[in-house]
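Step one of this worksheet: look at the structure below.
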Amino acid sequence: MASKESVAAWLGAEALDGLDTCSTAELDELCGLLQAAMEREDAAVESGLAATLKAVPRPLRGRARKLLFPGGEG
Amino acid sequence: MSTLAHRVETMKLAAALGVAPEAVSMLAAAPPESIRALRTAYGEAVFARHESRFRRIAQVAAAVPAAVSGRIAQLALPPALAARVAAVMDAPLAVRLAGSLSLDYLTSLSVSLDPLRAAPILDGIDDDTVVAVGQGLLARGEHLTLGRFVSVIKPDVAMRVVDGASGADLIQVALLAEDPAALDALIERIGDDVLVAAIDAAHADDVYADALTLVSQVSAANRDRLVGLIAQLDAAAVTGYLRSVHAHDAWAVVLPGLLVLDDAALARMVNVEATLADGVLETILAVAAETGLGEVATRLPGLLDEEHRAALAG
């Protein structure tokens, strides 16, 4: 169950006092929206990293791989 | 004016989350400044979550010639992601890179570009390109993006972007402007004929609240000018606006502008059907008293026609 404090903490914000007007069910719904939007961003970033590496011309790819995936996860 | 500001902030939050405005209806009772704070917090959270990844992509862009990075970006990066990467790049590199991107891609990218983070980049891009991108956004109906950008581009460039825009487009861009000062600078440069077309468009589309939001967001001088233009419309349009003012409890915003009108214009404006509705004239006088606009009480009754005097007395 979401609260205005948990929404603020999840976003790393100090406080979101104006969310007092929302019921717990509405805050749950809001959290769902925020989470879904964040997941879309996550997916776009991850696929963007991989696609960037693929798009780099082969002679430069080794260096690009080191920059994009410093931990070697790519 | 909370209802109007609320409407605008709801649209902006929905766009940031990639959903329709109805999807954030759970915030119907939240103050607009809280919705704005939520949008800002979400934007910061997304950025912070992936900033290191954006920087890594930016490093790759810096490691290859601009033309190659431009090709890579257009092949591999969705424009929304490219916009976030641009925000962490050194401005000179980002400007060089922008020069190698197609106008279409650049336009798509700018939809997700944070204008504040990107301000140094926008400063470096030549005005003709900024205008071309802005006009591309206009053609795509990206009013929200343009509303953000008029706050960070030079007023003269903003004017070139909206030059030739339809009245409906113009009012949408204006009401979504992020910064009231930029909005004022734009309104000051727009001729009366174009503003009348914008106000007319709101009348034709029955979206009086849009024009009213515009009136509420500009400086006193521009507000007076806009109210003066509304006063010149026909009675049906004026009544539409005044109904919207009453419905949004926005008399405090509009009354100072009405007082600038001469008696003939003020009489034409108040003697319309909208002010015959129960309690409207009483509300006007009450709001005038609350807001220290005593002149309304001295001028208005003498300008009312017989039917309106009866409505006030009744």
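Only the coordinates and a few stated rules stand behind these numbers; no lab work does. Keep in mind that what you see is a predicted model, and the values were worked out from it rather than measured. All Cβ positions, glycine included, derive from the backbone under ideal geometry; neighbour counts span all protein chains shown.
Descriptive notes on the structure:
- The charge dipole of the range A:4-68, taken about its Cα centre with unit charges on the Cβ of Lys, Arg, Asp and Glu (plus for the first two, minus for the last two), comes to roughly 1220 debye.
- Contact order normalised by residue count of chain A, Cα under 8 Å, 6+ apart, percent: 21
- Over the range B:55-197 - Rg/Rh using Cα atoms and the Kirkwood inverse-distance radius: 1.00
- Karplus-derived 3J(HN,Hα) values for the range B:42-47, using 6.51 cos²θ - 1.76 cosθ + 1.60 with θ = phi - 60°, are 5, x, 5, 5, 4, 5 Hz; glycine and proline are entered as x.
- Over the C-alpha trace of the range B:206-314, radius of gyration and Dmax come out as 12.6, 36 angstrom.
- Positive minus negative residues near B:Leu226 (Lys, Arg vs Asp, Glu; Cβ under 15 Å): -4
- With distances taken between every two different alpha-carbon atoms, the protein assembly as shown has a Kirkwood hydrodynamic radius of 23.3 Å.
- Take each peptide in B:212-222, B:116-126, count the other Cβ atoms within 10 Å of every residue, and average; sorted highest first, the result is B:212-222, B:116-126.
- Averaged over the residues of B:20-29, the number of partner chain Cβ atoms lying within 10 Å of the residue Cβ comes to 4.
- Virtual paramagnetic centre 7 Å along Cα→Cβ of B:Asp114, amide N under 17 Å, in the range B:176-195: B:178-179
- For q = 0.07, 0.14, 0.15 Å⁻¹, Debye-computed log10 I/I(0) when each Cα of chain B counts as one equal scatterer: -0.35, -1.04, -1.15
- The residue list B:Ala119, B:Ile72, B:Tyr105 was ranked by how far each Cα lies along the charge dipole of the range B:59-126 toward its positive end, using unit charges on Cβ atoms, and B:Ile72 comes out on top.
- Between B:Ala274, B:Ala264, B:Ala158, the Gaussian network model of chain B with springs among Cα atoms under 10 angstrom shows the greatest mean-square fluctuation at B:Ala264.
- The order of B:Trp251, A:Trp10, going from fewest to most other C-beta atoms within 10 Å of their C-beta, is A:Trp10, B:Trp251.
- Quotient of the Cα radius of gyration of chain A and 2.2 N^0.38 Å, N being its number of residues: 1.67.
- Overall dimensions of the range B:193-253, expressed as equivalent-ellipsoid semi-axes from the Cα gyration tensor (√(5λ), whole Å, largest first), are 15, 14, 10.
- Helix B:66-76 and the long axis of chain B differ in direction by around 70°, with both axes built from C-alpha atoms.
- Helical content of chain A, expressed as a calculated mean residue ellipticity at 222 nm, amounts to -23000 deg cm²/dmol (DSSP H runs of 4 or more residues, -39,500 (n - 2.57) each, divided by residue number, nearest 500).
- Secondary-structure-derived ellipticity at 222 nm for chain B, considering helices only, amounts to -23000 deg cm²/dmol, per-run term -39500 (n - 2.57) for DSSP H runs with n ≥ 4.
- For chain B, the longest principal axis of the Cα atoms and the long axis of helix B:180-189 meet at an angle of about 80 degrees.
- Listed residues B:Ala250, B:Val270, B:Pro301: farthest to the positive end of the dipole of the range B:250-314 (Cβ charges): B:Ala250
- Relative to the longest principal axis of the Cα atoms of chain B, helix B:220-231 runs at roughly 60 degrees.
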